Structure formats: C-alpha cells, structure tokens
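Heads up: the structure comes next, in structure tokens.
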Amino acid sequence: MDCSEIREAFVSGAAVRSAEVEAHLRVCPHCRELFEHDAELGHSLAQESAFALPFQDDLFAALEADVAQETGLRAWLRSRPTRLRFATVVVSALLVIALGGALRARPDFAEYPAARLVLVLGVYLVGIVAAFGKELYLSARRGTLADHVGLLLGALGLPFLIAFAPATEASRHTGPEGALNCFLYGALLTVPTAALLWAFDRDNRPTMRTVCLSAVSLGLSANLVLELHCPSGNALHLLLGHASIGCGMARRMVRRAAREPRLGIDLCERSWAI
Amino acid sequence: MAAYISGEKAAFRELFQRYTPLLQRAMARDLRSPEEANDLVQQTFLHLHRSRNDFEPGRKLKPWIFTIALNLKREYFRRSKRRHETSLDDERTAEPFEGPRGQERSDAARETARALAALPAEHREVIELHWFGGLSFPEVAEAVGSTVAAVKVRAHRGYVALRARLGDDSPNPDQLEVKPSTEGLH
C-alpha cells in the first residue's frame, strides 16, 4: 500500500485501519496525520476533493475556437517538438556567429592565442546552449528570475571580465572609438535568432523567464561574434560597444515583459523582437 | 493523448473532460473568481495543444499538464503583481472558490477549504495536487520540479498545520514549529 492508495481509500469511503494500512502508517509519518483523531483530516480532505464541477460546454467551445485559430507558419513552428526547436535555434545561432565572425574577422586574428580562443568559445557556447535549453524545454518554473539569476549575471559579467583581459598585443593599444559600430553590428546579428525564439515561443506573451534567458543567449551570441570581429582591447570600448548589448537587451526585454497584461487568451501576438 | 496527436478530435474533448475538473480545483483556490480559473485552464489546454508533439508515448500525461498549469498560474500571479505567497502568509480573507450556483458544500468541507487556503503556498500546493489533482507524490514532485522526499515533507508540514486548524487544538497554527520526520519517506 502507498500514499495514493490511502488517499483513494479515503475518497471512496473505505479507509479503515486494516493490517495493510497499519503497515504503511508505521513507515509513513504524513499518512499517519490523516488518521489522527478518528481520521478527521483524511475524511475532511476526501470530502473536499469530492467537490466536482460539471463539464462546461462553453469553456470547451471557447477552447476549440482558440485551437481553430492556431494556423499559419508561427502556429506550425511553435508546435514542433522541442528537440527540433532547440536544435534549430542552436544551429541558427552558431551559423550567425560563424558567419558574423568570418565575414568581418578581426585583423589580428592570426595572433589570437589558440588557448584563449578555445576557452572563450567553450565558455560562451556552454552559456548560450544552456540558456536556449532552459528557455525552450518545459520545467517547473518556480522562481522565474531567481532560478536564472546566476546564468544572467554570468552572461552579463563575462563580457566585463573579457574587457579587462586584452587578447593580443595590438589590442592593448586601441582606443574607445567605434563602440557604436560594434554595438550595432552585434545587435544586428542577434535579430535572426531573436526572430526564431519569438516564433518558437509557446506562451501568448513572453514570460519574464523567457526574456531573461533570451537576453542571456542573445547577449552572449553578440559578444562572441564581437570577440571574433573586433580587435579592440580598450575597456571603455568593450563595455560600451560589446557588454552593453546583453545589458540593454535584458533591460528592454524585462521592461516589456513586466507590463501589466490582460488575462485571457490573446491570439493577437505582439512582437517583442528587439 | 496519443489518439489526439494522431488526429482524433474527440480525444481532445475526452482530455478536457478528464482533466478540467482537476485543473479547476488546482487553479481556483488561489484566484478570486471562477472566470480567472477558467481562463487559466483554457490557456493550459491551448499550451498543451501547442506542445502536443512533445508528448512521448508511455510518459505520464497528468504531471505534464499540471506543470504547464502551475507555470501559467505562477506567471499570472507574477504579472498581476499579486504576490499570492505573501498574501497567503498574511491570512487570506477571500472565500474559497465555490463553483457554480446550485452546488453547496457542507460546513465541514467549507471549513477544510478555508483551512487549506490559509496554509503557506508551498505546503498547500502539494496537498492540493495530491488530493484534488489526484497525483501521486512522485507525480507531484515531477509537476513542481522537486524531489519526492521534499514534497512529502511539505505535505507532512501542511497536514500538521491543517489538523491544528481543523481541530482547533492549537492556539495558532502559524506559530507551530513543525519538525517533520524523514522516517519512511519513500
């Protein structure tokens, strides 16, 4: 006998302290509580659990109407299996990073230390993939922000750390100029992935969890591209032109998600593309 | 669920009939009106529809649906700035959800509902999922993203506080210092 069978016995009115029940109660402190004082608690919960609401045709009709509107490209995309959505977003982000890095590679790339390249790629890619995974896979979202604050701080802090460790000798002698160009280039390259994340999102409106994780993944993607693209080792340039992308995104997205919503099914999807 | 994925429309109605009462009970206790609860139930099924291709044959559907529903409920409270955990700790004043007109609870059931509503959210949640959602403790653990041992400890604390409230054999259940035993947590 287990706890569920004890519950079912109460609900069906057949809860008696048989030898089988006693055996379970000896090892189960919380089920013992149900039987205390003539099983008052068990009977009370059973009585409350019997309170059933009738099937509501109007509610089902409204749901059917909502489901009937689930047509078109976005409906098809968001209903793809999560493994496919995840793989598509990861591949897309990697392609954009590779393309963005290769098309306008930093002039001192030949001098870029291989060990640093491996370390930077590894750390960034782990963060990006982890953020995509957390965003797309279903899990119990208990703490929204609290659960992801470590990832968020790490993602926003990583570019700051890199800003104080120039990669090459040439990069040590650069100025802050061109920060805006880097910011625009990095932000522009996040657009395809951001659009995919939006298309794959199954919520009617992006949740705080979604926007935080999007800011993490997109901010890291942009900074990885810029690390491969920009030779600057100037701290001010890196902070203003590189690190600020993730911070700006996080701020903008959080503010957008925090707007007061209206309850109910809203199929008029609102774009939150940055 | 497998029938629904394969295209049987009647299967969706069957799912709705089977799980709506459980979801309504799980949703309604924290909300101020049946309409709010119904909206969240409706969103849960819409989310289920969007996620249907993620369902793996052989997997239990109930914890999955409840995970979706609880996420939606938490997001609703977060968005509406109604810190329900805090408000519960501050003693709720709202009456428990009563359902449609014409149905009445007994006084005892009403008292149970009130006592439940006054429990801390984390204790109440596992009790409601187990008793009213019909989830086993392993399923509750899956739905809330915790361990079986942890949800059993939470249930135990909730039961102790509930019994104190229902039996009125304690001056103030909020001040109870519960020391749950982990003996037999399985």
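Select, from A:GLY241, A:GLY246, A:GLY233, A:GLY219, the only residue that is crowded, with 24+ Cβ neighbours inside 10 Å, modelled with pLDDT under 85 and of a type outside the set (Phe, Trp, Tyr).
Details: A:GLY241 fails: modelled with pLDDT under 85; A:GLY233 fails: crowded, with 24+ Cβ neighbours inside 10 Å; A:GLY219 fails: modelled with pLDDT under 85.
Going through A:GLY241, A:GLY246, A:GLY233, A:GLY219 in turn, just one is crowded, with 24+ Cβ neighbours inside 10 Å, modelled with pLDDT under 85 and of a type outside the set (Phe, Trp, Tyr): A:GLY246.
Select from region A:100-126 the residues that are without any contact (Cβ under 8 Å) to a residue 24 or more places away in the chain and within 24 Å of A:TRP198 (Cα to Cα) and list them in ascending order.
Answer for region A:100-126, where residues must be without any contact (Cβ under 8 Å) to a residue 24 or more places away in the chain and within 24 Å of A:TRP198 (Cα to Cα): just A:VAL126.
Within region A:149-165, is even one residue out of contact with any strand residue (DSSP E or B) (no Cβ under 6 Å at 6 or more places or on another chain), buried (at least 21 other Cβ atoms within 10 Å of the Cβ) and either among the polar types (S, T, N, Q) or more than 21 Å from A:GLY248 (Cβ to Cβ) (or both)?
Looking for residues that are out of contact with any strand residue (DSSP E or B) (no Cβ under 6 Å at 6 or more places or on another chain), buried (at least 21 other Cβ atoms within 10 Å of the Cβ) and either among the polar types (S, T, N, Q) or more than 21 Å from A:GLY248 (Cβ to Cβ) (or both), one finds none in region A:149-165, hence no.
When both residues are 6+ apart or on different chains and their Cβ atoms are under 6 Å apart, which pairs have a first residue that lies in region A:1-21 and is acidic (Asp, Glu), and a second that is surrounded by 15 or more Cβ atoms within 10 Å (Cβ to Cβ) and outside any helix (DSSP H, G or I)?
A:GLU20/A:MET1
Within region A:181-201, is there a residue that is in contact with a helix residue (DSSP H, G or I) (Cβ under 8 Å, 6 or more places away or on another chain), closer than 30 Å to B:THR67 by Cα and free of Cβ contacts under 8 Å to residues at least 12 places away in the same chain?
Within region A:181-201, not a single residue is in contact with a helix residue (DSSP H, G or I) (Cβ under 8 Å, 6 or more places away or on another chain), closer than 30 Å to B:THR67 by Cα and free of Cβ contacts under 8 Å to residues at least 12 places away in the same chain.
Scan (1) facing chain A (nearest Cβ under 9 Å); (2) under 12 Å from the mean Cα position of the chain (by Cα) for the single condition B:ASN53 breaks and write down its number.
Failing condition for B:ASN53: (2).
How many residues are exposed (fewer than 15 other Cβ atoms within 10 Å of the Cβ) and under 20 Å from the mean Cα position of the chain (by Cα) if we restrict to region A:76-117?
Number satisfying all stated conditions: 5.
The values are calculated or read from the model by the stated rules, or taken from the named source; none is laboratory data. Small disclaimer: the values here were computed from a predicted structure and weren't measured. Positions of Cβ are backbone-derived with ideal geometry, glycine not excepted, and every protein chain shown enters the neighbour counts.
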